[in-house]
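These notes are about the structure you will find just below.
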There are 2 protein chains.
Amino acid sequence: MVNERMYGLGAEPSAIRELFAYGMARKAEIGADSVFDFSIGNPSVPAPDAVKQAVLELMEEEPSALHGYSPAAGDPRVRAAVADHIRRRFDVPASPDQVYLTAGAAAGLAISICAVTEPGDEVVVIAPFFPEYQVWIETAGCTRVEVPAHVPDFQLDIDALDAAIGPATAAVIINSPNNPVGAVYTRENLEALAALLARKEAELGRKIYVISDEPYREITYGAEVPYVPCVWPRTIVCYSYSKSFSLPGERIGYIYVSDLMDDAAEVSTAVAGAGRALGFICAPVLFQRVIAACIDEPSDVASYAENRRLLTEGLGALGYEFVEPDGAFYLWVRALEDDAQAFSDRAKAHELLLVPSDSFGVPGWVRVSYCVSRATIERSMPAFKALMEEYRG
Amino acid sequence: MVNERMYGLGAEPSAIRELFAYGMARKAEIGADSVFDFSIGNPSVPAPDAVKQAVLELMEEEPSALHGYSPAAGDPRVRAAVADHIRRRFDVPASPDQVYLTAGAAAGLAISICAVTEPGDEVVVIAPFFPEYQVWIETAGCTRVEVPAHVPDFQLDIDALDAAIGPATAAVIINSPNNPVGAVYTRENLEALAALLARKEAELGRKIYVISDEPYREITYGAEVPYVPCVWPRTIVCYSYSKSFSLPGERIGYIYVSDLMDDAAEVSTAVAGAGRALGFICAPVLFQRVIAACIDEPSDVASYAENRRLLTEGLGALGYEFVEPDGAFYLWVRALEDDAQAFSDRAKAHELLLVPSDSFGVPGWVRVSYCVSRATIERSMPAFKALMEEYRG
């Protein structure tokens, strides 16, 4: 008698989490150093020292006020700090009213999708895509429309988007720097998207929102990451401090409804309503304040850059094919057989935990998360070599 | 083009939050000491010292592990600590698998309702009721069926429940100690509910869940608060540390799906699925660990008991009619005219912020939150006196 959809979602854990759980058990069995766990995007870089200092300082404040409810959209001081940061950094007129603090990007995405769609609408995603998009699109009563990324550069395929966007399209979710591929959409590519959306809005007589999922914005290796609201005004940015400050478990991020869109206030109101509807009261308040205190703290990407170099050089030398990542901390590697799940299973026998691409909506690849220790990458190379030799026979 | 329901929810803030916001502005205008803000359930008792100590100790741990993702249902150590606490305290066979840590009771309720209902089902609530129940029931696509509490003791009205529970009833939400009335359901009353539900399940051939909303469990003034799963096995407990540890902004609580129900594993699976569907990833991890460290810490209810005494003696002497509260920190006071909103507005002119009962689903009362400073209650008495005199003419 329980809800059928909810039971299904609970019974079918994501491939990523399943592999992660397998890895935990396997490490307990044979030792952590013998398992090469590339399954999950749990940052290996520690949170900045400034986070710890901010927590310790805040804990000296009077507890009732410190730990009390904030308004649903967040502590006004924190919203002001985030808006100020956006203004200074991206030169857009961000007002605190358009900032809604969330329990991470997941909450931001679930809320944003519910806010700008009606049941029956379509939401476009770019394949490969983060698997939970599907769950939140369904929660909103909408249908997912998949548009494959342009191969081999994994930029937005404007022609394919042109074909996919129709009268039922309410929103397009983009994610740059991208999980799982590591692509960063160029300014030119985003401008082509904006031109397409402007034409489609005029043709179809409806608003089309871009929901820009940006947890990896700070994790880049030289590429420019254009601020999407500057290119397409009808953009809702879903930001998270999970990766930039290595705080994924604390659940802190924000929705920024671009002030540049003509219906900004209306969308912000719907965002507040959707937060209520989904059971959110406010983002965790201690970490709201931590974020405000650390807002200009740089992310430490040096370790990820070094991991990326080691992994791409190592796998390249072994003959693996992969997409050179411009951002995030994932390497998208061609499976050595058509069936990515079968390939992932054979990799497991070498203690290599690689996420098969099927759950990201495309066949034939695996995702290698390199937010791991340098030693894990170094020690994994003989296993990658043995796996390659097994296929080459 | 935004979602109509979400826009409506965002545009219509709750009466409580509206009054709270008015109070904030009014205090800035005429001084905090001149406004008697009884609007919101933000605990005035500070969090226990043990919470601060736990935070400081945890912050010495390695940050990546400390702030990293936990499994969706929570850190296994914390789930084990909660289950152990439930076992020791209530003598029920609570297993960690049945504990799902949540971002407070709001998340717990939204998740639980979605987990055990299908769209079109009915969910019974007892009037007066916490207004957000309606929002989460609608999110699940269900209909709210209101059953008035038994007057004058505000216990469950078993005959009225008998009449209200029908073939579409999936769940009954109860809240004891009760917000807004302060009633605590007696064991006898809960046993009568259980007998009714057993009969209804047999007659109707469907399972009927009790969702027990328990943020005020620790805040009582001598009354026994029976553990609902011991009385009705098909109970889902939604607990929060917001009030017991004065941490409402940190968003930490849990769902406990009673091991005593015959479909416990199935319900837990649906709970996990509903958490995913609504955009929750895990409860904030630092405060997960804080809870585990402080789990046997007693709540400080002495201040609330003193406030309750002061307020009931003071209002009683002035001739106000109210329900003697057995728990929580709210006093349910009869408005001095039929229109509770009009009464609340007139109280405002005396700087008294009292929440009209209409938003709790009943006319003619106001809720007075006494989780305030003792001084606020003492200083408010002349205003309550003036208000009474205004009505008596």
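Measuring nothing but alpha carbons in region B:206-362 and taking Rh as the Kirkwood radius, the Rg to Rh ratio lands at 1.04.
In region B:103-122, what residues drop by 40 Å² or more of accessible area when the other protein chains are put back, versus the chain on its own? Use 1.4 Å, and skip ligands and nucleic acids. Residues of region B:103-122 that lose at least 40 Å² of accessible area once the other chains are added: B:118. For residue B:134, the distances from its label point to the matching points in the remaining copies are 3.7 nm, ordered from shortest, with each point set 7 Å beyond Cα toward Cβ.
When shorter helices are ignored and each DSSP H run of at least 4 residues is given -39500 (n - 2.57), the per-residue value for the protein assembly as shown at 222 nm works out to -13500 deg cm²/dmol. Translational diffusion coefficient of the protein assembly as shown (Stokes-Einstein, Kirkwood radius from Cα pairs, 25 °C, 0.890 mPa s): 90 µm²/s. Which residue, A:134, A:341, A:53, has the most motion in a Gaussian network model of chain A that connects Cα atoms within less than 10 Å? Maximum fluctuation in the GNM of chain A, among the listed residues, is at A:53. Remark: label point of residue A:316 defined 7 Å out from Cα along the Cα-Cβ vector; separations to the same position in other copies 8.2 nm, ascending. Restricting region B:147-235 to trypsin sites (Lys or Arg not before Pro) that sit in a DSSP loop and have at most 16 other Cβ atoms within 10 Å of their own Cβ leaves B:206.
Per residue, region B:172-258 exposes 22 Å² of solvent-accessible protein surface, assessed with a 1.4 angstrom probe and all protein chains in place. A Cα-only calculation for region A:177-275 places Rg and Dmax at 14.6, 43 Å.
Cα-based radius of gyration for region A:53-173, normalised by 2.2 N^0.38 Å, reads 1.39. Residues considered: A:151, A:368, A:184. Largest GNM mean-square fluctuation over chain A, using C-alpha springs under 10 Å, is found at A:151. In whole percent, how big is the carbon plus sulfur part of the accessible area of region B:50-293, probe 1.4 Å, protein atoms only? The nonpolar share, carbon plus sulfur, comes to 53 percent. Lysine pair count for the protein assembly as shown with Cα-Cα distance under 27 Å and sequence separation of 8 or more or different chains is 15.
Loop-located GluC sites (Glu not before Pro) in region A:170-252 (DSSP state other than H, G, I, E, B) with a sparse environment of at most 15 neighbouring Cβ atoms within 10 Å: A:224. Placing a label point 7 Å from Cα along the Cα-to-Cβ direction at residue A:151 gives distances to the equivalent points in the other copies of 7.1 nm, listed shortest first.
For residue A:117, the residues 5 or more places off, or on other chains, whose built amide H falls under 5 Å of its own are B:3. The three principal axes of the Cα atoms in region A:50-293 give end-to-end lengths of 57, 39, 32 Å, sorted in falling order. For region A:1-113, the fraction of alpha-carbon pairs lying more than 22 Å apart is 62 percent, rounded to a whole number. Take each residue in A:245-255, count the other chain C-beta atoms within 10 Å of its C-beta, and the mean is 5. Threshold 40 Å², probe 1.4 Å: give the residues of region B:57-77, in number order, that are less accessible with all protein chains present than with their chain alone. Residues losing area: B:59, B:64, B:67, B:69. When chain B is modelled as a GNM with alpha-carbon springs shorter than 10 Å, which of B:140, B:283, B:349 fluctuates the most? Residue with maximal mean-square fluctuation among B:140, B:283, B:349: B:349. Computed with a 1.4 Å probe over protein heavy atoms only, the accessible area of residue A:380 comes to about 0 Å².
With all protein chains kept in place, the per residue accessible area of region A:71-149 amounts to 31 square angstrom at a probe of 1.4 angstrom. Total buried accessible area between A and B, probe 1.4 Å, nearest 100: 6200 Å².
Each principal axis of the Cα atoms in region A:303-342 has its own extent, and those three values, largest first, are 32, 21, 13 angstrom. Take every pair of alpha-carbon atoms less than 8 Å apart whose residues are at least six positions apart; their mean separation over the length of chain B yields a relative contact order of 24 percent. Relative to one another, the C-alpha centroids of region B:199-217 and region A:56-70 are positioned 38 Å apart.
The convex hull of the Cα atoms of region B:1-63, projected and averaged over all directions, covers 8.6 nm². At what distance in angstrom do the alpha carbon centres of region A:116-174 and region B:305-360 lie from each other? When both Cα centres are located, 52 Å separates them.
Any idea how far the Cα center of region B:231-266 sits from the one of region A:1-47, in Å? Comparing the Cα centres of region B:231-266 and region A:1-47, I get a distance of 24 Å. DSSP bridge analysis restricted to region B:50-293 gives an antiparallel fraction near 35%, rounded to the nearest 5.
The values are calculated or read from the model by the stated rules, or taken from the named source; none is laboratory data. The structure presented is a predicted model; accordingly, all values stated were derived computationally and were not measured. With ideal geometry, Cβ positions are generated from the backbone for all residues, glycine too; neighbour counts draw on all protein chains shown. For accessibility, only protein heavy atoms count, side chains too; no ligands or nucleic acids. Shrake-Rupley method; radii C 1.70, N 1.55, O 1.52, S 1.80 Å.
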